[in-house]
Structures are given as C-alpha cells and as structure tokens.
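Every read-out reported here was derived from the displayed coordinates using simple, explicitly stated rules and does not represent laboratory data. None of these values were measured; they are calculated from a predicted model. All Cβ positions, even for glycine, are placed from backbone atoms using ideal geometry, and neighbour counts span all protein chains on display.
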Amino acid sequence: MITKNSNYQEILNSNIFSKILRTQAEEIFYEKSNVLVLAPHPDDEVIGCGGSIELLKKKESSIQMIYLSNGIPNKGTDVGSRVLQRKQEAIQLNQNKNYNKPIFFDLETRKIEFNYTKKINELKKIISQIQPNLIFVPFVIDRVNDHHFTNKLLYQVLKDMIYESCFIYSYQISNFIKLNSYVDITNVFSVKVEMMKFYQSVLEKTNYIHLFKGLNLYNNFFVKNRNSKDEKYFEIFLKQSVKDYLEICKIIF
Ligand SMILES: [Zn+2]
C-alpha cells in the first residue's frame, strides 16, 4: 500500500516510468555476481526471484539473504514457536543452497513501516562490506505494506551512500509491476518448487507453489518472440540503476 500522501498519477507520469513503459522488455542473462536479496518475509525471496537466484548460484555467485521480519504477525497462539519454525525453514533453505549465512533483522512483521529506521546503519554496513552488484527487492508499489516499506529502508540507505556500481532488480510478488526485463527460469523451475518446500509452515496455509506457477506462466505475455505452445516459466523484473531507483523512491516516499 502506498502512503496516503502519495499521488499515483504523479508516479506514473514521472519521466522514469514513461521511459520504462516505452522500453521493450529484454531477457537478462546472468553472470557470476555478488547478490544481495532483501526479503520482507521468509518466502518472498523464493516466490519473487527463486529461479533467478538459482541461475545466479549456478554461475558461482555469492548470495546474501536479509530477512527483514520473520513473517509471523504477533497475534494468536504459539507465536514464539511459529517464529522459530519459520526462521529454521529459512536457515535450512540457505544452508541447503550454500548461500552465505542469512541475516535476520527481526523487525516486527506487518510493522516494518514503523521500525525500519533502526536498520539503516546496519544495512549500510552490510552493503559496504559485501559490495553487491545486484540487489533484489520487492517492487516499490507492491500492495503489501512490508514489501513497500522494505524499499523505504533501501532508499534511505542508498541515498546517503555513494554506491552506484550495482543494479536494483524489483521483483514481483503480489501484484503486477512495471517491468523491463525477464528471466527464463524454465530449466530451474522444479528447483524453485523444491526451494519453496522448505517453507512447509507457509504451504500448510497457502499453496504458493500453485500461485507462482500460474504467475510465472502468465509472464509469457511480456516475453519477446514467445512460442505460446511451449510451457515456459519466467520471472519478471524492473531493472534500474541506483540513480533511477532513487529518483522513483524520491517521488513515492
Ligand atoms: Zn512477503
């Protein structure tokens, strides 16, 4: 959700978005990279960009996950044990895939909006240390508040750093995005499904495998020269320079 002061028309009319809308989407081919993934909740990273991360890992990239919250709202029974379970699932996924040790910011789920500023310095430090050349983050106008405000944290961090040697990849979770690039994940789609199976506590409630299968198939619409007879899977992104990303965030936040 966008804050009440935001003006969608202003955002959509901005030079950057009109530039993106005119640009035809291009397929991304990854190379060995230093990758930082910001996941508001453990499972967003799989749903939004799990296939792309797998392709990057195959190129021997270094993958660093940061989970902003544990994904468990502080209500109902057994909150403590459900938090532990969800974190354990994330840790096991990261270990199994040989990613770097995941970082948990432990911000309160569904309240990132109110406490993200606590993590500005920590995220600055991490970015300075690992020097990512790719940063994955949910699309800035994602309708889920925690996803939206994860961008506000990244914005606050990057606007004060002189760090421009990377691309920001906005990934798709719970709504459509303005995209300019896509990745064919067909060959690793079954791996993405296996990655999601680490989150059994999530799958017990919602079959996200079913959902992202549909989404990744639907994304054929945005692909150049597609052959609609093939069953192909795509993840889509808005790929931006830090400068362009900051310009959009400045309008939105
Ligand atoms: Zn999420």
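Some observations on this one:
- The chain, helix-only ellipticity at 222 nm - DSSP H runs n ≥ 4, -39,500 (n - 2.57), divided by all residues, nearest 500: -13000 deg cm²/dmol
- Spin-label model distance (nm) - GLN129 vs LYS197, 7 Å beyond Cα toward Cβ: 3.3
- The value of relative contact order for the range 8-252, using C-alpha pairs under 8 Å at least six residues apart, is 26 percent.
- Relative intensity, log₁₀ I(q)/I(0), of the chain from a Debye sum that treats every alpha carbon as a point, q = 0.07, 0.08, 0.14 Å⁻¹: -0.22, -0.29, -0.94
- Free of any trypsin sites (Lys or Arg not before Pro) that DSSP assigns to a loop and that have at most 10 other C-beta atoms within 10 Å, the longest stretch within the chain is 76-204.
- The range 174-253 and the range 120-150: distance between their alpha carbon centers, rounded to Å: 18
- Using the Cβ of PHE136 as centre and a radius below 11 Å, the other residues enclosed give a net charge of -2, where K and R count +1 and D and E count -1.
- The 3J(HN,Hα) values that the Karplus relation (6.51, -1.76, 1.60; θ = phi - 60°) gives for the range 130-142 are, in residue order, 8, 6, x, 9, 10, 10, 9, 8, x, 4, 4, 9, 6 Hz. Gly and Pro appear as x.
- Whether the range 116-253 is rounded, prolate or oblate, judged on the alpha carbon gyration tensor where a/c under 1.5 counts as rounded: prolate
- When the C-alpha to C-alpha distance is required to be over 28 Å, the pairs from LYS75/LYS178; LYS58/LYS232; LYS57/LYS124; LYS32/LYS224 that qualify are LYS75/LYS178.
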